[in-house]
């Protein structure tokens with residue numbers, strides 16, 4: 001994967017911008033529940049690919065504006081990362097995926113305890129909505145963005161997908177059923193990220209629909225690559241427990257298709273995502289770079 005200098009610099013600077021904005025989002029917190037605040041910061045500031053906030057930024061760049069020219073864009077990017085982190089904390093709990101490792105270190109319930117981890121997830125989710133409500137977005141943008149994020153996390157998104165995932169342990173799913181599960185569990189929030197970025201720059205409905213095609217293909221590609229890495233990499237490289245899906249007898253794209261076919265499917269989805277960006281020409285270079293980052297990631 002080759003990135004031109006401008007795109008690579010943008011990715012580096014945007015990643016730094018996200019870290020600074022995430023850290024700043026905790027500055028106003030001054031509540032008696034100090035241990036909970038500490039655990040929230042532990043969950044959020046422990047690294048990660050930051051793909052979701054980068055997608056917000058890249059979508060918001062489709063009109064050629066700099067991020068500094070877009071009111072509320074940092075709050076939007078931070079909100080999706082807080083929301084994503086909440087989902088990871090809850091997914092790692094013993095009652096869900098029961099994982100001990102996340103982003104290369106102990107999961108929140110291992111570093112603290114299960115009750116604290118549950119509260120961390122609850123607090124990060126509501127913090128995301130609070131940030132959006134108090135942001136510099138217009139009132140219309142706030143309502144639309146909050147609606148996108150809420151839907152992505154609910155029955156028609158992550159929660160629904162996770163429920164299907166838990167119910168599918170030890171069973172075999174057809175490819176359409178497996179795709180449906182992951183379009184909810186993983187893809188819904190990725191789609192919301194693109195929508196959030198598009199709303200921040202007031203894209204037309206037709207443009208948002210085109211952007212959603214990119215997001216839909218990319219979201220599924222992300223999960224296929226996740227399954228490939230889970231089956232072919234090691235825990236140190238991944239920063240989380242490798243092979244856990246097979247150990248838990250979960251249906252995956254690798255168990256369904258085999259490793260080589262899964263890799264081909266990921267490449268197909270990647271190309272679909274790239275093809276959907278043609279209407280923006282060179283302004284879509286950042287989204288194309290992120291699609292490449294998803295396909296060729298190692299963790």
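Residue check, residue 108 against (1) crowded, with 17+ Cβ neighbours inside 10 Å; (2) touching a residue at least 24 places away in the same chain (Cβ under 8 Å); (3) out of contact with any strand residue (DSSP E or B) (no Cβ under 9 Å at 6 or more places or on another chain), all met but one. Which one? Among (1) crowded, with 17+ Cβ neighbours inside 10 Å; (2) touching a residue at least 24 places away in the same chain (Cβ under 8 Å); (3) out of contact with any strand residue (DSSP E or B) (no Cβ under 9 Å at 6 or more places or on another chain), residue 108 violates only (3).
Going by the conditions given, is residue 216 modelled with pLDDT of 95 or more and closer than 22 Å to residue 261 by Cα? Taking the combined requirement at face value, the residue satisfies it. Only residues that are in contact (Cβ under 8 Å) with a residue 12 or more places away in the chain and out of contact with any helix residue (DSSP H, G or I) (no Cβ under 6 Å at 6 or more places or on another chain) were counted across the range 264-278, and they come to 1. Of all residues in the range 257-299, those satisfying the criterion of being closer than 16 Å to residue 197 by Cβ and in a loop (DSSP other than H, G, I, E, B) are 276, 277.
Conditions tested, residue by residue: (1) more than 21 Å from the chain's Cα centre (by Cα); (2) modelled with pLDDT of 90 or more.
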position: 233; (1), (2): no, no
position: 240; (1), (2): no, no
position: 246; (1), (2): yes, no
position: 249; (1), (2): yes, no
position: 277; (1), (2): no, yes
position: 288; (1), (2): no, yes
position: 297; (1), (2): no, no
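Each row is one residue, and each column tells you yes or no for (1) more than 15 Å from the chain's Cα centre (by Cα); (2) closer than 21 Å to residue 208 by Cα.
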| position | (1), (2) |
| --- | --- |
| 92 | yes, no |
| 97 | yes, no |
| 103 | no, no |
| 166 | yes, no |
| 171 | yes, no |
| 180 | yes, no |
| 191 | no, yes |
| 194 | no, yes |
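Of all residues in the range 200-214, those that are more than 21 Å from residue 79 (Cβ to Cβ), under 20 Å from the mean Cα position of the chain (by Cα) and surrounded by 16 or more Cβ atoms within 10 Å (Cβ to Cβ) total 2.
The values are calculated or read from the model by the stated rules, or taken from the named source; none is laboratory data. All figures in this text were calculated on a predicted structure; none of them were measured in a lab. Virtual Cβ from ideal backbone geometry, glycine too; neighbours counted across all protein chains shown.
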